[in-house]
Amino acid sequence: MRPPEKETAVIANVAPSMQTFFVPQMEQLGLVERESRHGSFSTVEADWGHGTLWAHSLGDKCLFTFHDMHLSDAVRLTEYTDDYLCISSMTSHSARMCPVDKTYFKERNTVSYEQEGQSGVNYELNAGEHHRSFTFCFAPEFFDELEGLTDDEKESLVQFLASQDVNTHAPEVVRALESLGPEWAHKAGGDCFCRAKLNEILAVSLCEACDQGEGVARAASDENRRLAREAQMIIDGHYAEAITLQSIAKQLYVGKTRLCGVFKKEYGCCVAEYLRDKRISKAKELLANTGASVGEVGRMVGYSHQSSFAEAFRRECGVAPSQWRNCPLR
């Protein structure tokens, strides 16, 4: 049996049919709802750890959830859900609980799968784990009501999402999921932004599903996409370290030429460009929001010498880091 439903003012902003995907977690973890513009936003500070949950429904058959839970002690969760299909970007600790192939798990993973309803299924969350996810959950009827698609296209989309291998989703899908941070719970355009990203994910996935249906070879494509995704995750997680194209290729056991070609095809830029853009983007955040010196900022984003940081920043932004920091129009 499911636990009794509770009446909560902010939870009421989420479609009742989708509340079963997150309300039991709130109750079991002791999350407390906070004021938000869209959906249900809650936080918790407890002996077991701390975390944030945002749940926002788009109609009565689609739910977006953002979880970010840091565990200092073990926790047991019991889930009660109806039949659903989902697509998500999540940490490996969260992904291991999903019914997918775990061979290619990395620090961050993109998964999609179909799941039958579950009643009283227990999950063990261990001390020291970090559970973070950006997830769209769909009731089966959601796809029947999509406008502008034939029945065959709807079926192709469902089958594609239900069978896609881990970490082989298009880069556009990954970026769309991970752009939906909890800050959108409070922004005026949060609902519009969430719907726009949902439509982008569905559109890209449908195009890939149609390509697959037309017999486009996928084995090599999936492997290349996985390789590019792994390189991206290395850069995102270690841009502050002394990494290079050569060190990334060595870590992935591939040649530099192949890695460059695969990465540029998937992301539209070479590995070195992506690394530089990531470092400069983070440097801008630090220059704008901290009092760290220019040299300190450079070291924090992977430049061991202030002169090399200043040169890279000027080449990218047209001005020196100190000038950019003091510019009122930045």
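The values are calculated or read from the model by the stated rules, or taken from the named source; none is laboratory data. Nothing here was measured: the structure is a model prediction, and the numbers come from that model. Backbone-built Cβ (ideal geometry, glycine too); neighbour counts: all protein chains shown.
Condition check ((1) within 30 Å of Asp152 (Cβ to Cβ); (2) out of contact with any Pro (no Cβ under 8 Å at 6 or more places or on another chain); (3) without any contact (Cβ under 8 Å) to a residue 12 or more places away in the chain) across all residues:
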position: Asn224; (1), (2), (3): yes, yes, no
position: Ile234; (1), (2), (3): no, yes, no
position: Glu241; (1), (2), (3): no, yes, no
position: Arg276; (1), (2), (3): no, yes, no
position: Ser281; (1), (2), (3): no, yes, yes
position: Glu296; (1), (2), (3): no, yes, yes
Revision key, fill the gap. Restricting segment 82-112 to residues that are touching a residue at least 40 places away in the same chain (Cβ under 8 Å) and aliphatic (A, V, I, L, M), the one nearest to Leu227 (Cα to Cα) turns out to be Val111
Check your understanding: Here are some residues: Glu116, Glu79. Which one is more than 27 Å from Val204 (Cα to Cα) and either free of Cβ contacts under 8 Å to residues at least 60 places away in the same chain or in contact with an Asp or Glu (Cβ under 8 Å, 6 or more places away or on another chain) (or both)?
Key -> Glu79
Review point. Can Ser17 be described as assigned to a strand (DSSP E or B) and either closer than 30 Å to Ser205 by Cα or acidic (Asp, Glu) (or both)?
Key: no
Review point. Can you find even one residue in segment 113-134 that is of a type in the set (Val, Ile, Thr), closer than 27 Å to Ile234 by Cβ and at pLDDT below 90?
Key: no
Study note, to complete from the structure: Flagged pairs (Cβ under 6 angstrom, 6 or more apart or on separate chains; first in segment 11-24, under 15 Å from Gly120 (Cα atoms); second buried (at least 22 other Cβ atoms within 10 Å of the Cβ) and among the hydroxyl-bearing types (Ser, Thr, Tyr)) are Phe22/Thr65
Check your understanding: Can you tell me how many residues in segment 217-275 are farther than 23 Å from Tyr303 by Cβ and assigned to a helix (DSSP H, G or I)?
Key -> 19
Review point. Any residue at all in segment 31-50 that is under 17 Å from Ser94 (Cα atoms), of a type outside the set (Ser, Thr, Tyr) and without any contact (Cβ under 8 Å) to a residue 24 or more places away in the chain?
Key: yes
Exercise for review: Can you tell me which residue within segment 68-107, out of those that are of a type in the set (Gly, Ala, Ser) and either in a strand (DSSP E or B) or touching a Leu at 6+ places or on another chain (Cβ under 8 Å) (or both), is farthest from Phe142 (Cα to Cα)?
Suggested key: Ala74
Review point. Are any residues in segment 305-330 in a loop (DSSP other than H, G, I, E, B) and either modelled with pLDDT under 90 or touching a Pro at 6+ places or on another chain (Cβ under 6 Å) (or both), and if so, which ones?
Key: Cys327, Pro328, Leu329, Arg330
Check your understanding: In segment 163-181, which residues are modelled with pLDDT under 90 and more than 19 Å from Glu266 (Cα to Cα)?
Key -> Ser163
**Study point:** Members of segment 58-112 found to be over 20 Å from Gly237 (Cα atoms), at pLDDT 90 or above and acidic (Asp, Glu), listed by number
**Key:** Asp60, Asp73
Review point. Which one of these is out of contact with any strand residue (DSSP E or B) (no Cβ under 7 Å at 6 or more places or on another chain), hydrophobic (A, V, I, L, M, F, W, C) and assigned to a loop (DSSP other than H, G, I, E, B): Leu180, Leu149?
Key: Leu149
Point to revise | Any chance Gly298 is of a type in the set (Gly, Ala, Ser), out of contact with any Leu (no Cβ under 9 Å at 6 or more places or on another chain) and in a helix (DSSP H, G or I) | key: yes
Check your understanding: When segment 179-209 is examined, which residues are found to be within 16 Å of the chain's Cα centre (by Cα), surrounded by 15 or more Cβ atoms within 10 Å (Cβ to Cβ) and of a type in the set (Asp, Glu)?
Key -> Glu200
Review point. Does Thr65 count as assigned to a strand (DSSP E or B), among the hydroxyl-bearing types (Ser, Thr, Tyr) and within 13 Å of Met18 (Cβ to Cβ)?
Key: yes
Review point. Scanning for something polar (S, T, N, Q) and closer than 21 Å to Val174 by Cβ, does segment 281-298 turn up at least one residue?
Key: yes
Check your understanding: Checking His56 against (1) within 26 Å of Asn122 (Cβ to Cβ); (2) in contact with a Gly (Cβ under 6 Å, 6 or more places away or on another chain), which test does it fail?
Key -> (1)
Check your understanding: Would a scan of segment 125-135 turn up a residue that is buried (at least 16 other Cβ atoms within 10 Å of the Cβ), of a type in the set (Gly, Ala, Ser), part of a loop (DSSP other than H, G, I, E, B) and touching a residue at least 60 places away in the same chain (Cβ under 8 Å)?
Key -> no
